[in-house]
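For reference, the structure is listed below as structure tokens.
The numbers here are math on the coordinates, done by the rules we state, and not lab data. Just so it is clear, the model here is predicted, and its values are computed rather than measured. We place every Cβ from the backbone using ideal geometry, glycine too, and count neighbours over all the protein chains shown.
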Amino acid sequence: MYNAFSEIDDRIWMIFGGLSFVILFFTPNIYNSLWTVGISLIIAPVALIIWRFGFFGGADAFALIVLASLAPGSTFTESQINPFTTLTNTVLLSIIPVVINILRNIISLIRHDDIFEGFEKESRRNRIIAMFVGHRSKHPRFSFSIETREGNAKKMDFGMKNADSTEFCSSPDTWVTPGIPYMIYIFGGFVTQLVFGDILFNTIRTVH
């Protein structure tokens, strides 16, 4: 189900990758452009390694690589950026669901909802972790299950799930983690680069 929802035809990346190569011949200084693109493509091996470890899908890795070649160092601001700006912005934006999970679970506990019903044998540490990475959903959609069974007891399962092969959870009343396609965060990270620059760098510079 996840694959049908999030996969993007590889031909899309081939087209835009080829377009970035063609554009080089229309730049005022092709050698400077080649140097800029080359520096930006430092992100390529990093994106591919992250993909192989299953942190996001292949389409997400190719999107980062194509953005690096098609729009290297692009920003409308005076802020300094680097080849990893889109990626770091993306990672920071992906923390938003964690904040939402925490608030959602705290509200449920305040309302005295028994969100850990059936997890009586689960450790306090795992319950706390679960509150950060997910929530208990009565009717999960576009989410991955983070629970399993050991005999008659329910246990949390925080094992890494490959984004290319894991299906969304459809079981009612299950602890799940959001299955938002990482492409959305990448798009947000790139747009943030254009209009704001590097979130991490600008934050550190402001603090100092």
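Of note:
- Relative to the dominant Cα principal axis of the chain, helix 96-110 is inclined by about 20°.
- Alpha carbon centroid spacing (whole Å) that separates the range 93-172 from the range 25-56: 36
- Positive dipole terminus of the chain, leading residue within Asn89, Ser171, Tyr182 (C-beta point charges): Ser171
- Within the listed set Gly73, Gly188, Gly159, the residue fluctuating most in the Gaussian network model of the chain (springs between alpha-carbon atoms under 10 angstrom) is Gly159.
- Rounded to the nearest 500, the 222 nm mean residue ellipticity of the chain from helices alone is -16000 deg cm²/dmol, with -39,500 (n - 2.57) taken per DSSP H run of at least 4 residues.
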